[in-house]
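What follows is a single structure, written as structure tokens, with notes after it.
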Amino acid sequence: MTTPFNRRAFIASTALAGLGLAAFGATTASTSTPAPNRQPNRLPRWRGFNLLDFFSPDPTHRRGGTTEDHLRWIADWGFDFVRLPMAYPYYLDIDRTRNVTPEDVLRFDPRRVDEIDGLVSLAHKHGLHVSLNLHRAPGYCVNAGFHEPYNLWRDQEALDAFCAHWSLWAKRYAGVSRERISFDLVNEPSMREDMNDQHSARSSVPGDVYRRVALAAAGAIRAANPAHLVIADGNDVGTRVIPEITDLDIGQSCRGYHPGIISHYRAPWAFKDVSNLPEPRWPGQIEWRNVDAATGQTSVRTETLSRAMLEEFYQPWIALKEQGVGVHCGECGCWNKTPHEVFLAWFGDVLDILTTNGIGYALWQFDGDFGVLNSGRADVVYEDWHGQKLDRKLLALLQKY
């Protein structure tokens, strides 16, 4: 079954009219304890996990499989937040044997929409705030692997489709309060030359372009409910504050992956050559070695990894919060090839800096390579938890913050 899309009716229904700036500040008081003499965070200090049930563009390759037990454990362990990074093709009624077309992008499949809604409802049953995120949006994803028919940052048709998708979800949850649901526009934005080439040239999204896209999507969302809570991921794949939207009623989401040699050690999607990476340590010095293909000469660069480098990295985000913009860390964590003790030492500093400044976090992920359950690390003594392999040390660290 396919839901038709009436472009003219959609544009009429999502005219940008009043973004409700006052309501944002009035209803999202922080639950954190900020450092003395600092501005309270206008977003709650949510703590939780990313759930990857709808991460794949193809439902037959679904990851995650979150159960009600998982959600109960999350709540019982003291967490209050889950983020659902969705690939929009997951909930389309399309022929998956051929490349998607612009017309296909608007063919919503009610069965898949209901499936997503089922997980949202279960999370709400257990008192968890749900953040819906388009990890793959029409015309953009930080990862390739699925043919995009256009570019979100350049093509009006892509932006229209992007707004149509957010209108769908905003209407679905029109009667749900911002304390229970939020809308995270697009995961880790950047300007990529070729949306279908993982290694094509990448740069920042121009600020005026990001503002135009964010305004349009926020308008579509708030046409359903003016009080809906909207969040935008930082520029340059989530790493940089977006100054061009700080006057808007939109929170901003940072990342907890710096430096990449710790968080993504030996990850093939992050490093072209994973065989010559320096062994990660925290804190300490590492040496990057590069062999010139033409001359065969080796150059060496030394880098010092320390808490000070983290404090410098997060300073713009702390300053943003001090300006009165809500800040949350929507993703953080470490792939399972980093030595566990190095990971915990580094991650303790990350969480301490965020918490000291009243900023919450969501681990990527709950169950899987980055998670507290079944991470597949070779250097962890797991605890049996109802048939699951629990990383108790990581869980204890998260509960500390």
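The values are calculated or read from the model by the stated rules, or taken from the named source; none is laboratory data. Owing to the predicted nature of the structure, the values given are computational and were not obtained by experimental measurement. Using ideal geometry, Cβ is built from the backbone for each residue, glycine included, and neighbour counts are taken over all protein chains shown.
Can you name every residue in the range 88-118 that is part of a helix (DSSP H, G or I), among the acidic types (Asp, Glu) and more than 20 Å from Leu52 (Cβ to Cβ)?
Asp104
Any residue in the range 172-193 that is assigned to a helix (DSSP H, G or I), on the phi < 0 side of the Ramachandran plot, out of contact with any helix residue (DSSP H, G or I) (no Cβ under 7 Å at 6 or more places or on another chain) and not hydroxyl-bearing (Ser, Thr, Tyr)?
no
For residues that are exposed (fewer than 15 other Cβ atoms within 10 Å of the Cβ) and aromatic (Phe, Trp, Tyr), scanning just the range 262-307, find the one that is nearest to the chain's Cα centre (by Cα).
Trp269
Collect the residues in the range 100-139 that are surrounded by fewer than 16 Cβ atoms within 10 Å (Cβ to Cβ), of a type in the set (S, T, N, Q) and more than 20 Å from Gln156 (Cα to Cα), keeping them in residue-number order.
Of everything in the range 100-139, just one residue is surrounded by fewer than 16 Cβ atoms within 10 Å (Cβ to Cβ), of a type in the set (S, T, N, Q) and more than 20 Å from Gln156 (Cα to Cα), namely Ser121.
Those residues that are touching a Lys or Arg at 6+ places or on another chain (Cβ under 8 Å) and not in a helix (DSSP H, G or I), I need them from the range 152-164; list them, please.
Within the range 152-164, no residue meets the criteria.
Considering only residues that are at negative phi and either of a type in the set (Ser, Thr, Tyr) or touching a residue at least 12 places away in the same chain (Cβ under 8 Å) (or both), which ones fall in the range 280-290?
Those that are at negative phi and either of a type in the set (Ser, Thr, Tyr) or touching a residue at least 12 places away in the same chain (Cβ under 8 Å) (or both): Pro280, Arg281, Trp282, Pro283, Gln285, Ile286, Glu287, Trp288, Arg289.
May I ask you to list the residues in the range 325-348 that are of a type in the set (S, T, N, Q) and either surrounded by fewer than 24 Cβ atoms within 10 Å (Cβ to Cβ) or over 18 Å from Ser375 (Cα atoms) (or both)?
If the condition is that a residue be of a type in the set (S, T, N, Q) and either surrounded by fewer than 24 Cβ atoms within 10 Å (Cβ to Cβ) or over 18 Å from Ser375 (Cα atoms) (or both), then Asn336 is the only one that fits.
Which of the following residues is of a type in the set (Lys, Arg), at pLDDT below 95 and surrounded by fewer than 23 Cβ atoms within 10 Å (Cβ to Cβ): Arg202, Arg240, Arg178?
After ruling out the rest, the residue left standing is Arg202.
I'm trying to understand the selection: among the residues of the range 140-154, which are in contact with a Gly (Cβ under 6 Å, 6 or more places away or on another chain) and surrounded by fewer than 22 Cβ atoms within 10 Å (Cβ to Cβ)?
Answer for the range 140-154, where residues must be in contact with a Gly (Cβ under 6 Å, 6 or more places away or on another chain) and surrounded by fewer than 22 Cβ atoms within 10 Å (Cβ to Cβ): Tyr150, Asn151.
Just to be sure, is Tyr382 farther than 15 Å from Tyr265 by Cβ and either surrounded by fewer than 22 Cβ atoms within 10 Å (Cβ to Cβ) or small (Gly, Ala, Ser) (or both)?
Considered against the rule, which asks whether it is farther than 15 Å from Tyr265 by Cβ and either surrounded by fewer than 22 Cβ atoms within 10 Å (Cβ to Cβ) or small (Gly, Ala, Ser) (or both), Tyr382 comes out as yes.
What pairs can you find where one residue is in the range 204-223 and in contact (Cβ under 8 Å) with a residue 12 or more places away in the chain, the other is assigned to a helix (DSSP H, G or I) and among the hydroxyl-bearing types (Ser, Thr, Tyr), and their Cβ atoms are less than 8 Å apart, with a gap of 6+ or different chains?
Ala220/Ser167; Ile221/Ser167; Ala223/Ser13; Ala223/Ser167
Give me the pairs, please: first residue somewhere in the range 235-258 and outside any strand (DSSP E or B), second residue anywhere and β-branched (Val, Ile, Thr), beta-carbon distance under 6 Å, and either six or more positions apart or on two chains.
These pairs meet every condition: Asn235/Val205; Asn235/Ile242; Val237/Val142; Thr246/Val325; Ile250/Val230.
With the requirement that a residue be assigned to a helix (DSSP H, G or I) and among the basic types (Lys, Arg), what does the range 287-321 give you?
Hits for the range 287-321 are Arg307, Lys321.
Counting only residues that are of a type in the set (Ser, Thr, Tyr) and touching a helix residue (DSSP H, G or I) at 6+ places or on another chain (Cβ under 9 Å), which one in the range 286-344 is nearest to Asn41 (Cα to Cα)?
Tyr314
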